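Everything below concerns the one structure shown next.
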Amino acid sequence: MSVFIPLPSDEPLRAIWPTPNHNLIVASEKFFARTRVNPDYGKPGWTRDCGRRFHRGCDIAPINVTPTGKTTRVIFTDCATQTDFESDEPTFIPHDEVFAVCPGKVIELVTGETLSDFGKHVVLEHRWPRSGEKFYTLYGHLSEVAINGQRLGKMGQTSRSADARNWMQIAPHLHFEVHNTSGAAYNPDDFLRHFCFAGGHSCRRTQDELVRFQRGDGT
Ligand SMILES: [Zn+2]
């Protein structure tokens, strides 16, 4: 069961990637943040707590990342047996820049790291080009908010939830989500696949185009 609302896929929106990680189409295993026991951790949908908790955003993994050389203790669940086990996992600091997927108006700008579960974050208001209806994009867990054109700041690990901060130490990411005026979420994975552009090329590719792209003789 999906609780995402349908994307207005006939809208001629041209979006850009929210971070330098452009792997969604060609190498999606490098796009979403993952943990050692949950390869679906950063994907949108019922991907948390062994499928019991819904993730309305997608967690985009950093491209530029530094290992700290330290570890932090997390409690993993073996979903097959519903058994919890503790593990000391390596931690990382992300450095990627974060961009608005399309120009918009800042309607929420939170610069205190413990004021929200999204930590330092930005919410932008946009309009669908054809219908004129509003929609919103959210960029969460930033380390710094510094808006300059479409650049919003830098990926970080901020949240008021100590548990979330701990998970972000081992799986740093940008939490990106898209919702409508009632707060209902679009699938952010579908949004990016459908509307984003990289180097001027649409991500909306046919299977043939994808194969040529992966072989290196397409654009
Ligand atoms: Zn998330």
Can you go through I5, I25 and tell me which one is buried (at least 16 other Cβ atoms within 10 Å of the Cβ) and more than 13 Å from the chain's Cα centre (by Cα)?
I25
Given (1) surrounded by fewer than 20 Cβ atoms within 10 Å (Cβ to Cβ); (2) within 14 Å of the ligand (Cβ to nearest atom); (3) small (G, A, S); (4) under 21 Å from I63 (Cα atoms), index of the condition S161 fails:
(4)
Is it the case that D88 is modelled with pLDDT under 95 and either basic (K, R) or away from the ligand (no atom under 16 Å from the Cβ) (or both)?
no
Those residues of region 15-30 which are touching a residue at least 40 places away in the same chain (Cβ under 8 Å), assigned to a loop (DSSP other than H, G, I, E, B) and under 25 Å from H141 (Cα atoms), in sequence order
W17, P18, T19, P20, N21, H22, L24, I25
Has region 108-121 got any residue that is small (G, A, S), farther than 17 Å from L192 by Cβ and within 16 Å of the ligand (Cβ to nearest atom)?
yes
Could you tell me whether any residue of region 178-196 is closer than 21 Å to R36 by Cα and of a type in the set (A, V, I, L, M, F, W, C)?
no
Scanning region 134-179 residue by residue, those among the aromatic types (F, W, Y) and out of contact with any Pro (no Cβ under 6 Å at 6 or more places or on another chain) turn out to be F135, Y136, Y139, W167
Across region 40-84, what is the number of residues that are within 11 Å of the ligand (Cβ to nearest atom), touching a Pro at 6+ places or on another chain (Cβ under 8 Å) and within 17 Å of P94 (Cβ to Cβ)?
3
Going by the conditions given, is G104 within 15 Å of the ligand (Cβ to nearest atom) and surrounded by 12 or more Cβ atoms within 10 Å (Cβ to Cβ)?
no
Looking at region 165-190 only, could you name the residues that are touching a Leu at 6+ places or on another chain (Cβ under 6 Å) and surrounded by 20 or more Cβ atoms within 10 Å (Cβ to Cβ)?
E177, Y186
Counting just the residues of region 28-46 that are among the charged types (D, E, K, R) and within 19 Å of H194 (Cα to Cα), which one comes out nearest to the chain's Cα centre (by Cα)?
K43
If I filter region 47-59 for residues that are within 14 Å of the chain's Cα centre (by Cα), farther than 20 Å from A184 by Cα and of a type in the set (G, A, S), do I get at least one hit?
no
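The values are calculated or read from the model by the stated rules, or taken from the named source; none is laboratory data. None of these values were measured; they are calculated from a predicted model. Quick reminder, even Gly has a Cβ in these numbers, built from the backbone with ideal geometry, and neighbours come from all protein chains shown.
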